[in-house]
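Take a look at the structure set out below.
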Amino acid sequence: MKNRERRPGAAKATPSGGKAKISSRPPRAAEGEKRAPAKQQVNRREDVRAAPPKSVPEEAPARPLKERTGARPAERVPVILETPGAGDFHLIDSGNQLKLEQYGPYRIVRPEGQALWRPSLPAHHWEKVDAVFTGDVDEEGAGRWRFPREALGETWPLQLLDVDFHGRFTSFRHVGVFPEQIVHWSWMKAEIEAARRPLKVLNLFGYTGVASLIAARAGAEVTHVDASKKAIGWGRENQSLSRLDRAPIRWICEDAMKFILREERRGNRYDIILTDPPKFGRGPNGEVWHLFDHLPLMLDICRELLTPEARGLVLTAYSIRASFYSIHELMRETMRGRGGVVESGELVIRESGLSGKETGRALSTSLFSRWVPK
């Protein structure tokens with residue numbers, strides 16, 4: 001769903017029709033702060049982003065899919081879950097395949113292939129920003145940040161849903177949080193707070209841990225799994241920043257499929273499972289992940305990991321050329337005989353202008369499918 005047509009390093013058109021300048025000099029860190037070399041900056045899934053080489057043979061299935069019987073769950077489609085902005089984030093404007101966002105004190109411009117329209121705001125609002133991502137507009141490609149006003153440090157503080165964490169200018173245009181997920185996190189938070197017991201949450205492909213911290217803050221016991229050591233380290237930093245050092249969070253650096261297979265054998269179960277897999281991936285030991293090949297088995301195992309009183313299984317799929325119906329019907333087949341409802345559609349962010357209180361266009365960000373017991 002993302003634009004993959006531009007070459008790495010190609011100049012990106014600005015809203016005013018000109019070309020964005022690309023600085024060859026890396027930005028300086030703020031006083032007293034060390035800046036990591038570009039190659040050490042954290043990608044969303046730095047260790048699991050590359051497509052598997054053709055020379056790598058396909059691995060045999062870890063276990064066969066279980067044959068599911070019984071009625072498929074009821075369905076609610078299409079469902080559009082909308083994030084108008086929350087905490088330190090809101091989408092100001094979008095257009096010309098770019099988006100203008102507010103993250104705490106900073107206004108930033110990043111590529112967005114789905115913003116096919118023209119920006120609503122005049123060009124000078126897009127030019128007076130703190131950071132612009134330039135270079136490869138492909139979500140899997142590396143680029144660099146340009147700082148039009150002054151050099152900024154690598155990290156800065158942010159807050160969402162009562163959780164503090166670090167934003168970070170990474171070389172893969174991500175900043176450490178995917179705010180469209182706020183709708184899932186708010187749902188999860190409400191489920192945990194309404195429960196009469198501590199719920200167990202499994203966060204697969206957990207990235208920097210914002211969802212894990214929100215769950216822990218609400219009272220859940222959390223298991224966070226990601227294949228990137230740097231993402232795990234970032235998550236632990238966020239845990240300290242949120243003053244949740246004593247919260248029951250297990251940080252697991254491991255291939256997600258290997259982890260859930262072991263959990264299934266051990267009989268461990270969870271009340272809520274969040275899974276946000278990439279298109280292509282590699283585990284820490286070179287394990288190969290391909291979304292369309294491995295997603296059915298992953299969901300099948302996740303079903304086995306749900307407790308009898310489970311509150312939900314959430315799947316988000318970014319950057320794939322597919323209809324939400326593809327993952328919707330897969331989720332319904334996976335949950336045959338379990339009852340409940342599968343609701344699927346898209347996650348969107350609504351523009352809210354300079355003030356953060358206006359109502360603008362909806363920008364689609366990803367597909368999702370969510371099973372809930374009722």
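For region 264-363, trypsin sites (Lys or Arg not before Pro) are listed when DSSP marks them as loop and at most 10 other Cβ atoms sit within 10 Å of their Cβ; the list is Arg321, Lys357. Simple spin-label estimate for Glu193 and Ile80 gives 2.7 nm between the two label positions (7 Å along the Cα-to-Cβ direction from each Cα).
Around the amide H of Val288, modelled in the peptide plane, lie the amide H atoms of Gly283, all under 5 Å away and 5 or more residues distant in sequence or on another chain. Projecting label points 7 angstrom from Cα along Cα→Cβ for Arg68 and Ser186 puts them 2.8 nm apart.
Look at where the Cα atoms of region 163-240 and of region 272-338 average out, and the two centres are 18 Å apart. For each pair in Lys99/Lys128; Lys189/Lys258; Lys128/Lys189, compute the distance between the two Cα atoms and list the pairs where it is over 25 Å. Over 25 Å apart, Cα to Cα: Lys189/Lys258; Lys128/Lys189. Taking 0.36 nm per residue of sequence separation and removing the Cα-Cα distance, the Arg265/Asp245 pair yields an extension gain of 4.2 nm. The ranking of His290, His328 by Cβ neighbour count inside 10 Å, starting from the fewest, reads His290, His328. The Cβ shell under 12 Å around Leu161 holds other residues with a net charge of -2, Lys and Arg each +1, Asp and Glu each -1.
Since every read-out is calculated from the coordinates, none of them should be taken as a lab result. All figures in this text were calculated on a predicted structure; none of them were measured in a lab. FYI the Cβ positions are ideal-geometry reconstructions off the backbone, even for glycines, and counts take in every protein chain you see.
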